[in-house]
Amino acid sequence: MKSNAPARAEWAELVADLAVLTEFDLDDCLVLLRFDGAQLRGAVRFEGEAMRVATGLPHAIVNITSRFPADSSVVLIACAQAERPWTAAVSGVLHALGRAGTPVREVFWRTSSAWGSYLQADSSPLPKRTRSVDEARPAQDQPFTHATELAQHLGSSMSLDERSAAGPFALEEAAESCLAVDATVAQLAAVAHAVTVGEQRDTLISLWAWGAAAKPLDSRRLLGRGVMAPDPERIQRALLACERFRRALPTHRADFWAIEGWLRWSIGQSTLAVRALNEATAIRPCHRLGTLLATHITSGAIPDWAFA
């Protein structure tokens with residue numbers, strides 16, 4: 001009978017390209033990969049500190065895998081400076097997954113130069129990445145065409161509320177236009193106003209994540225409810241928009257860091273999401289979205305669509 005298990009060369013490529021496939025920071029962490037058949041469907045990153053403490057980690061992992069479809073399997077990859085790190089913690093996780101009936105395809109470790117399997121007790125040089133990490137990320141874009149005019153516009157004597165109301169563009173059109181660099185000053189101002197008003201900010205996030213599919217608007221989606229995942233391509237464009245707005249409007253940096261936190265969480269980048277939220281609260285310690293979302297994510301919340 002022919003085995004469906006990947007050949008060692010395929011496993012080597014997976015381990016070497018892990019940063020590209022997941023966009024995770026692989027410094028000191030455990031990565032859980034979900035497979036449906038041969039297709040990689042998702043990834044979750046656990047900080048190395050959780051492996052060292054280990055208390056509660058097996059339960060947390062089983063709680064996540066219990067929401068996977070019945071035909072899913074998992075691969076674990078421990079990333080650290082030393083070979084075969086956290087042996088006891090890894091054994092505890094494997095034991096818990098076994099009791100839960102979750103199929104484990106392999107358990108690997110990797111350093112910056114080597115990799116191997118806990119199950120096979122082997123070690124090999126880490127292959128050169130087959131793809132550049134930069135290929136998985138959008139190129140740094142140019143600023144908004146009207147960034148200078150925007151700052152001047154918002155610095156005029158008219159109130160921001162009046163400028164937003166006077167603009168000829170609805171938020172929906174402004175949100176879409178600001179995913180490109182050539183949005184007008186009025187459109188940029190409408191979005192800059194929206195991020196300061198809770199309901200409009202939530203609408204903006206939904207529009208950036210789902211586009212026309214965001215309607216009818218449902219605030220529960222922002223908590224990760226529902227199986228319709230955001231459009232990854234729109235999320236990447238929205239991340240660039242957040243960066244452009246932070247450069248153009250330093251006064252709004254906290255707001256756009258907080259929005260970036262949600263965008264990254266929505267596509268499984270919880271570690272980067274928390275970093276963005278920390279930036280927001282470092283600028284404005286009582287930033288409402290930043291603090292609420294940080295609590296939500298650090299409690300272990302994962303969007304429903306991650307399990308669809």
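Quick notes on this one:
- Exposure proxy order (Cβ contacts within 10 Å, fewest to most) of 215, 128: 128, 215
- Among 65, 291, the ranking by other beta carbons within 10 Å of each residue's beta carbon, starting with the fewest, stands as 291, 65.
- Here Rg and Dmax of the Cα atoms in Å was calculated from the structure, and among (1) 20.8, 70; (2) 29.0, 89; (3) 21.7, 77 it sits at label (3).
- Magnitude of the charge dipole, the stretch 199-265, Cβ model with Lys/Arg +1 and Asp/Glu -1, debye to 20: 80
- Where labels lie 7 Å past Cα in the beta-carbon direction, separation of residue 123 and residue 73 in nm: 2.7
- The stretch 41-126: GluC sites (Glu not before Pro) in DSSP coil with no more than 15 other Cβ atoms inside 10 Å: 83
- Between helix 253-266 and the chain there is an angle of about 40 degrees, using the helix long axis and the longest principal axis of the Cα atoms.
- Sequence-separation-based contact order of the chain, relative, with Cα cut under 8 Å and 6+ spacing, percent: 14
- Normalised by the number of residues in the stretch 183-274, the average gap of Cα pairs under 8 Å and 6 or more apart makes the relative contact order 23 percent.
- Acute angle (nearest 10 degrees) that the helix 270-283 long axis makes with the longest principal axis of the chain, alpha-carbon atoms: 40
- Angle between the chain longest axis and helix 185-194 axis [Cα atoms, degrees, rounded to 10]: 60
Bear in mind that the values in this text are calculations on the coordinates, not laboratory data. Quick caveat, the model's predicted, so the values are computed rather than measured. Counting neighbours? That spans all protein chains shown, and the Cβs are built from the backbone with ideal geometry, glycine included.
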